[in-house]
Amino acid sequence: MNSRTSTILKLAVLAGVLAFPAFGSAFYAELVAKVLILAIFAMSLDLLVGITGLVSFGHAAYFGIAAYAVALLTPKYDPASLWLALPASVLAAAVAAFLIGLFVLRTKGIYFIMVTLAFAQMAYYVFHDTPVGGGSDGIYLNFKPDAAIAGWAPFDLNEPHHLYYFVVGAMLFVYALLKLVLRSPFGRVLVGIRSNEHRMLSLGYATFRYKLAAFTLAGGLAGLAGFLYAVLFGFVTPEYLSWHKSGDVLLMVILGGMGNLVGAIAGAVALVGLQEIFTGLTKHWQLLMGLTIVAAVLFMPGGMTATPARILARINGGKTNE
Amino acid sequence: MDFVSFLIQVLNSLQYGLLLFLVASGLTLVFGIMGIINLAHGSFYMVGAYLAFALTSMTGNLMLAIALGIPLAFVFGAILEWALFSHLYKRDHLEQVLLTYGLILIFEELRSLAVGDEVHGVTIPELFSASIPLSDNLSYPVYRLVISIVCLALAGGLYWLIQKTRLGMMIRAGSHDRDMVKALGIDINLLYRTVFALGVALAALAGMLAAPISSVYPGMGSSVLIISFVIVVIGGVGSVWGALVAALVIGFADTFGKVLLPDLAGLMVYLVMAVVLLWRPEGIFKKA
């Protein structure tokens, strides 16, 4: 696929997403919004896994921390101001990522995977075991944040359409931001760290700082996803920080294909789509999900976005069977 | 805290720590020797507990159930290694994480299909159902002591197996240089299969022993899995000795955390890990 057809394809998908609320039912609009939020979440993880080569298995922590932040910042009988709650939630997630990053980035490889998991569990227990966020029952977000600036409101998140376009805007913002990051010298250093950290070190780059910056940025963007998720569904539970959530988002990145953002988006679409289909089929839908994952790992290396190219290569190579 | 309650907590810490060691030792062996990160290891603990429940219901005796369960778990492990894990040796950690994550979902749902989602109890064998009185109103259950003794014996046996036997020699060599071991004419595939099956059997045995005290419930594998990861990380990946020390540290941190700082109980284990990693990022007993 050359870059021109790929751009046209992307624009067509975007047009479809933008026009969706006019045709789809409210249920499906909410589902699309959910996919878009998870796409933000997956792209933020892709910055670590696909671009910097840091396999974090605790990314749900930052998602959950921001979700709790907006729930806790919302007064019981009033909405919080969007312009306060949004930056505060993202900042909370980024600060948490920065502090945890100071610890976990001292480790490498398999240690990194396990240690990020363990720190996320720690965050999970903070919300699960203490009364801060309503314990294991979680906490309701009774009012969506209020977008008014000095009495004038450009939009209202209680309107499903407004919320939908707000989510679309956030998704586009994150996509554009990460594209910029990738093109910037900073992004080139991150890619360099993935392929050979020792070389980057000997070239004089303080790789720890770069990794910490990437980890913090990824945490903040995961926080943006968590914020939107809490606002969309109106409640927060400790499950937002659970390791299953971290596993799901890792799954999106890997299934979709790493390192190119579009893969992360495709992974989010695929995973939510499969979930919808499987839950419609059986109560034991996780069995189908598990089998799909196992089959995907065994038979689809490189993820979904790499598969068309692999099929093409096979056809062009004249090989028709394994 | 008076002396007797303190003693009881010490015994509880030891028992919990030693049980965790059984689970973590398999995890660290499989990683250290085969280079595989296995998220489904907690599922083997769960499989063990459910095996104990099913076999005890059938035979009416937990000890008989364990005697039958260990070989079953070993064979189950060997089949899994043959069918799935043997395809993972050359894949990177990411794909191993994914595939074994998928396995967790599969095991959980198969369990739900086979035995439902209720919590089950397993009765302690009559022989060990007594308690030893320690003071006028405090006593310690014999069964917990039995668990500790069995686990200690197994830890000793594992040490003997790895340090003193021919199989252990091959295991140690295999963790060091796979190709060299192969070149020496050792059947590395058989070796890996044995080690994996051994790891599964140890985790399942831990689940079987724990079944009467923790009861048998859905999702019981995942909390044990994460604690085992912490133990493996603290001990140093691949080090069985490190896993033993770390498991005991965690056993004490968790048990005393629950007594002394109940609000922080869930966090205690992870705080210990954070401190250890600040001090030594690659665990206490990092293999050279």
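The values are calculated or read from the model by the stated rules, or taken from the named source; none is laboratory data. What you see is a predicted model; the values in this text were computed from it and never measured. Quick reminder, even Gly has a Cβ in these numbers, built from the backbone with ideal geometry, and neighbours come from all protein chains shown. Ligands, DNA and RNA are stripped out before the accessible areas are found, and what is left, the full protein with its side chains, is counted by its heavy atoms. Shrake-Rupley method; radii C 1.70, N 1.55, O 1.52, S 1.80 Å.
Once you order the gyration tensor axes a ≥ b ≥ c over the Cα atoms, which shape class does the protein assembly as shown get: rounded for a/c under 1.5, otherwise prolate or oblate by comparing a/b with b/c?
prolate
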Cβ-Cβ cut-off under 12 Å around residue B:53, Lys and Arg +1, Asp and Glu -1: the net charge is 0
To the nearest 0.05, the calculated FRET efficiency linking residue B:160 and residue A:155 through their beta-carbon distance, R0 being 60 Å, is 0.25
What shape does segment B:67-116 have by the C-alpha gyration tensor, where a ≥ b ≥ c are the square roots of the eigenvalues, rounded means a/c under 1.5, and otherwise prolate means a/b greater than b/c and oblate the rest? oblate
On the protein heavy atoms, probe 1.4 angstrom, tell me the percent of accessible surface of segment A:25-183 carried by carbon and sulfur. 68
Could you tell me the calculated FRET efficiency between residue B:172 and residue B:2, based on Cβ-Cβ distance and R0 = 45 angstrom, to the nearest 0.05? 0.45
Ignoring ligands and nucleic acids, what accessible area does residue B:23 show with a 1.4 Å probe (Å², nearest 10)? 0
Just tell me, in residue order, which DSSP H segments of chain A are both 20 angstrom or longer along the helix axis (alpha-carbon based) and at least 0.5 in mean Kyte-Doolittle hydropathy. A:3-23, A:26-46, A:82-104, A:109-129, A:160-183, A:207-233, A:262-281, A:285-299
Amide H within-cut-off set for residue A:146, under 5 Å, with H built and near neighbours excluded: A:80, A:81, A:82
Between residue B:72 and residue A:25, what FRET efficiency follows from the Cβ-Cβ distance if R0 is 60 Å, with the result rounded to 0.05? 0.75
Expected output is a single nm value to one decimal: the length gained when fully extending between residue A:148 and residue A:177, i.e. 0.36 nm times separation in residues minus the C-alpha distance. What is it? 7.9 nm
Enumerate the helices in chain B for which the Kyte-Doolittle hydropathy averages 0.5 or more and the C-alpha atoms extend at least 20 Å along the helix's axis, using complete DSSP H runs. B:3-34, B:41-59, B:62-83, B:93-115, B:142-164, B:188-214, B:220-235, B:240-260, B:265-279
Among the aspartates and glutamates, which fall within straight-line cross-link reach of residue A:179, defined as a Cα-Cα distance under 14 Å, with same-chain neighbours fewer than 8 residues apart omitted? A:46
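Please compute how much accessible surface disappears when B pairs with A, both sides summed, using a 1.4 Å probe, and round it to the nearest 100 Å².
4000
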Given the pairs A:34/A:144; A:108/A:211; B:90/B:164, which span a C-alpha to C-alpha distance of over 18 angstrom in this model? B:90/B:164
